1. Which one of the conditions (1) outside any helix (DSSP H, G or I); (2) of a type in the set (Lys, Arg); (3) under 16 Å from the mean Cα position of the chain (by Cα) does residue 49 fail to meet, given that it meets all the rest?
2. Can you spot a residue in the range 279-301 that is within 27 Å of residue 86 (Cβ to Cβ) and modelled with pLDDT under 70?
3. Do we have residue 238 as within 20 Å of residue 156 (Cβ to Cβ) and not polar (S, T, N, Q) here?
4. Looking at the range 117-131, I want the residues that are of a type in the set (Lys, Arg) and have a partner that is surrounded by 14 or more Cβ atoms within 10 Å (Cβ to Cβ) with Cβ atoms under 6 Å, at least 6 apart or on another chain. Which pairs are those?
5. Does residue 174 satisfy the criteria of being assigned to a helix (DSSP H, G or I), buried (at least 19 other Cβ atoms within 10 Å of the Cβ), in contact with an Asp or Glu (Cβ under 7 Å, 6 or more places away or on another chain) and in contact (Cβ under 8 Å) with a residue 40 or more places away in the chain?
6. Residues in the range 155-167: is at least one outside any loop (DSSP other than H, G, I, E, B) and more than 19 Å from the chain's Cα centre (by Cα)?
7. Out of the residues in the range 206-243 that are loosely packed, with under 13 Cβ neighbours inside 10 Å and acidic (Asp, Glu), which is nearest to residue 15 (Cα to Cα)?
8. Look through 113, 108, 71 and report the one residue that is out of contact with any strand residue (DSSP E or B) (no Cβ under 7 Å at 6 or more places or on another chain), among the small types (Gly, Ala, Ser) and farther than 24 Å from residue 279 by Cα.
Amino acid sequence: MTPARADKDAPTWLVWTALWTVYIVWGSTYLAIRVAVETMPPLLMAGVRFLIAGSIVYLVLRARKGKGGVAVTRHEVGASALIGTLLLLGGNGLVTIAEERVPSGVAALLIAAVPLWVVVWRFFGHDRVSAGTLFGVLAGFAGVAVLVMPGGDVGGGNVSGMLMVVTASALWATGSFFAKRVPLPSDPFLSTAMQMLTGGAVMTLAGVARGELDAVRFSEFSTASILSFLYLIFVGSLVAFTAYVWLLQHAPISKVATYAYVNPVVAIFLGWLILDERITTVIVIGATVIVVSVAAIVRMESNAQRRIAQPDTPGPAGDPDLGLDDTELQTA
């Protein structure tokens, strides 16, 4: 995806409305997943979610642009399947399974470490990474260690489940990093639709292979789980994604990227408010370290890119290449 370019004609109130939509909706998806998996098998639920959302995006694009507007090459389909599998099955799928035994706020916090893993990929890929950014990464991982350390009070979180979320964040970062290096469709909406469709199909097949079909009992699906499932499709995957893509075109990426460290705070608050998830001292310490580290890294990388892209003029920051602009698939 190309770097954001601020549109001077975009009203400030509209930019902030879109930004708060992303803050609240994407922060709430962890809560919605937690409620959905109470009575729905995780991978099948998530796979069908993305198949439906991807189909809607694709059909809307087809109606607006015609058949030629949604044409993709074989290489683009393959790249979409690769990235969709990493982001959806490896990232979202593991989070969905883990949230059967990990509080939603803790899951959101561990996923907030995605930018840290992206920096690790950049470092080993021989990109230039500043000492300050590397220090921020080490501090952020210290925050992750505080949460997953055996014996820590994280409000009932299961250590194996939290390690699964840590793995999910690493796979999410892997998909985010390589998304810029494979031939995805240039249209961000079409690219996302293809990733949702291919990744959703892989997730559904994985759910079948995992034996989740035996757990599908429609009569036992709770109203809360069904409403959460619908919320994930239409609000989490469609409304917030539309707001996010609009923001990339109308606001500096440095401002848009703030969702990476606001979302977990929203998730923790909603988990406490709605699901009575405990906010313990360990969670507060881990949250503070992770959120501050990610915020510092985003700021440092955005400032560095601004100096490179626009050394003599003020304006929006360039893309900090932290995996923060890879569409809604970056989140739960």
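The values are calculated or read from the model by the stated rules, or taken from the named source; none is laboratory data. Because the structure is predicted, anything quoted here is derived from the model rather than measured. All Cβ positions, glycine included, derive from the backbone under ideal geometry; neighbour counts span all protein chains shown.
1. Of (1) outside any helix (DSSP H, G or I); (2) of a type in the set (Lys, Arg); (3) under 16 Å from the mean Cα position of the chain (by Cα), only one is false for residue 49: (1).
2. The answer is no, given that none of the residues of the range 279-301 is within 27 Å of residue 86 (Cβ to Cβ) and modelled with pLDDT under 70.
3. Judged against the criteria, residue 238 is not a match.
4. That search, which allows pairs on different chains as well, returns 122/129.
5. no
6. Among the residues of the range 155-167, at least one is outside any loop (DSSP other than H, G, I, E, B) and more than 19 Å from the chain's Cα centre (by Cα), which makes the answer yes.
7. Per the criteria, the residue is 220.
8. 71
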